[in-house]
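**Student:** Got a structure for you, written out below as structure tokens; questions coming shortly.
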Amino acid sequence: MNKQVICIVCPKGCKVLVNEENGVYTTTGNACNRGNIYGIQEAIEPKRMLTSTVKINGALHQRCPVVSSGPIKKELIMEALKVLETVSLSAPVTIEQIICHNICDSGVDILVSHTMGKTNDL
């Protein structure tokens, strides 16, 4: 297997070629070891941070920004977004408050990324 990825660890944007032979992964094109680690991870099991919004009642705005506590498998992103469509919070909420524990059995929590008070508290 050969797969080319563009490394996003630093602004350089190295074109990393990941090669797999007999379960051993090697990389070329990366300028540093971080590119090696990123390239192999991206080839084996790509992950992304998830940012979105959920409904919130009783706040100045109707949507509350949320973020994953860590990277989630890319293949679970759409499923996680469907789960978040069903979430409805009530103000007040605070930054880093867990609103969804272990979303889609990923081991990752979804956190509030902006404190939002009640409308009458503003």
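The values are calculated or read from the model by the stated rules, or taken from the named source; none is laboratory data. Model, not experiment: these values are computed from the prediction. Glycine gets a Cβ as well: all are built from the backbone with ideal geometry, and neighbour counts include every protein chain shown.
**Student:** How many residues are touching a Cys at 6+ places or on another chain (Cβ under 7 Å) and among the β-branched types (Val, Ile, Thr) when one looks only at the range 54-108?
**Tutor:** Going through the range 54-108 one residue at a time, the tally reaches 5.
**Student:** Kindly state which strands (runs of 3 or more DSSP E) lie completely within the range 48-122 and contain at least 3 residues that are out of contact with any Pro (no Cβ under 9 Å at 6 or more places or on another chain) and either modelled with pLDDT of 95 or more or more than 28 Å from CYS7 (Cα to Cα) (or both).
**Tutor:** 51-57, 63-68, 88-90, 98-100
**Student:** Please identify the pairs in which a residue from the range 40-61 that is closer than 17 Å to ASN19 by Cβ has its Cβ atom under 7 Å from the Cβ atom of a residue that is surrounded by 12 or more Cβ atoms within 10 Å (Cβ to Cβ) and of a type in the set (Val, Ile, Thr), counting only partners at least 6 apart or on another chain.
**Tutor:** Pairs found: ILE40/VAL18; ILE40/THR27; GLU42/VAL5; ALA43/VAL5; ALA43/VAL18.
**Student:** Quick one: count up the residues across the range 44-76 that are within 22 Å of CYS104 (Cβ to Cβ) and either among the small types (Gly, Ala, Ser) or touching a strand residue (DSSP E or B) at 6+ places or on another chain (Cβ under 7 Å) (or both).
**Tutor:** Restricting attention to the range 44-76, the residues satisfying the condition of being within 22 Å of CYS104 (Cβ to Cβ) are 44-56, 63-76.
Within this subset, residues satisfying the condition of being either among the small types (Gly, Ala, Ser) or touching a strand residue (DSSP E or B) at 6+ places or on another chain (Cβ under 7 Å) (or both) are 45, 47-56, 63-74.
So the answer is 23.
**Student:** Additional query: So THR26 ticks every box in (1) within 23 Å of the chain's Cα centre (by Cα); (2) surrounded by fewer than 18 Cβ atoms within 10 Å (Cβ to Cβ); (3) part of a strand (DSSP E or B) but one. Which box is left unticked?
**Tutor:** (1)
**Student:** Right, next: If a residue has to be in contact with a helix residue (DSSP H, G or I) (Cβ under 7 Å, 6 or more places away or on another chain) and more than 25 Å from VAL9 (Cβ to Cβ) to count, how many in the range 104-122 make the cut?
**Tutor:** 1
**Student:** Looking only at the range 54-80, how many residues end up being out of contact with any helix residue (DSSP H, G or I) (no Cβ under 7 Å at 6 or more places or on another chain) and either of a type in the set (Gly, Ala, Ser) or outside the structural domain of GLN97 (by TED's automatic domain parsing) (or both)?
**Tutor:** Here the count works out to 3.
**Student:** Looking only at the range 48-87, which residues are among the β-branched types (Val, Ile, Thr) and surrounded by 12 or more Cβ atoms within 10 Å (Cβ to Cβ)? Before the answer, list the steps.
**Tutor:** To start, the set of residues in the range 48-87 that are among the β-branched types (Val, Ile, Thr) comprises 51, 53-54, 56, 66-67, 72, 77, 83, 86-87.
THR53, VAL54, ILE56, VAL66, VAL67, ILE72, ILE77, VAL83, VAL87 - these are the residues of the range 48-87 that are among the β-branched types (Val, Ile, Thr) and surrounded by 12 or more Cβ atoms within 10 Å (Cβ to Cβ).
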